[in-house]
Amino acid sequence: MALIDELNTLLGFERVRGHPLDLEVFSKDAGMTRGDVIAATLPETVQEVAAIVRIARRHGVSIVPRGAGTGLAGGAVPVEPGLLVVLTRLNEIHAVDEIGRTAWVGPGVINLDLSKHLESLDLHFAPDPSSQQACTIGGNVGTNAGGPHCLADGTTVAHVLAVEVVTAVG
Ligand SMILES: Cc1cc2nc3c(=O)[nH]c(=O)nc-3n(C[C@H](O)[C@H](O)[C@H](O)COP(=O)(O)OP(=O)(O)OC[C@H]3O[C@@H](n4cnc5c(N)ncnc54)[C@H](O)[C@@H]3O)c2cc1C
C-alpha cells in the first residue's frame, strides 16, 4: 500500500493533512526556513505515534516531530521530504503529584495550561518561554526552552524526570 493510503487507514483522512494549504502552513515553524512536508499526521495516542514511525520507516521516509511550531530554529521543519508527526493532540495532563511536585503530561500540553492547571495547588511549571500561551511541553523538552523563571530555577532540562520515547524503529 502507498504511504498516504497506509496513514489514512491508520488515522483517517481528517488526521492526515496533505492539502496544499495544510502543507504551506506545516512547512514552517516561527523561523525563516521553509521545509518539504509530504504530509502532516495528527496522532492522538502513543500507539499511533509508534505506528506512524513504523510505516514511515517501511517506506524509507524520514519523520520530524512537531509541537506548536513556535520554534525559531527550524527544528520542526523537514529539510528533505519528510512526514510531520504533530503531537498537539496528545494534550492530556495525566496525573499530578502535589506532594512530589511532579506532573505526568502528554507532549502536546500547552506550557501555560499546565501552570493554570496547577494554580489552585500553588504550584507552577517553571520554564516560561515568552511563547508559553502556544508552545507545547514536548517542544520545550526538544529545545530545552527557558524564560525569566529559569534564571532561578533552571531551563526545561532541570525539570524533566522522565520521558516516554518512541524510538526510530517504532
Ligand atoms: C514569540 C516567541 C517567543 C519565544 N520565546 C522563547 C523564550 O522566551 N525562550 C525559549 O526558549 N524559546 C522561545 N521561543 C521559541 C519556542 O517557542 C520554543 O523553542 C518552544 O519550546 C517550542 O515549542 P513548540 O511546541 O512550538 O515546538 P516546535 O517548534 O513545534 O518544535 C521545536 C523542536 O522540538 C521538537 N519537538 C517538538 N515536540 C516534540 C516531541 N513531542 N517529541 C520530540 N521532539 C519534539 C521538534 O522536532 C523541534 O525540533 C519563542 C518563540 C516565539 C515565536
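The values are calculated or read from the model by the stated rules, or taken from the named source; none is laboratory data. A quick note: this is a predicted structure, and the numbers were derived from the prediction, not measured. All Cβ positions, glycine included, derive from the backbone under ideal geometry; neighbour counts span all protein chains shown. We work out accessible area using only protein heavy atoms, side chains counted, and drop any ligands, DNA or RNA first. Shrake-Rupley method; radii C 1.70, N 1.55, O 1.52, S 1.80 Å.
The table below lists the values:
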quantity	calculated
Strands (runs of 3 or more DSSP E) fully within the stretch 2-115 counting 2 or more residues that are more than 10 Å from the ligand (Cβ to nearest atom) and surrounded by 14 or more Cβ atoms within 10 Å (Cβ to Cβ)	37-41, 82-86, 93-97, 102-105
Some residue of the stretch 136-143 being in a loop (DSSP other than H, G, I, E, B) and open to solvent by less than 40 Å² (accessible area, probe 1.4 Å)	no
Close pairs from the stretch 64-92: first at positive phi, partner surrounded by fewer than 20 Cβ atoms within 10 Å (Cβ to Cβ) and modelled with pLDDT under 95, Cβ under 7 Å, at least 6 apart	GLY74/THR33
Members of the stretch 116-135 that are of a type in the set (D, E, K, R) and either in a loop (DSSP other than H, G, I, E, B) or touching a residue at least 60 places away in the same chain (Cβ under 8 Å) (or both)	ASP122, ASP128
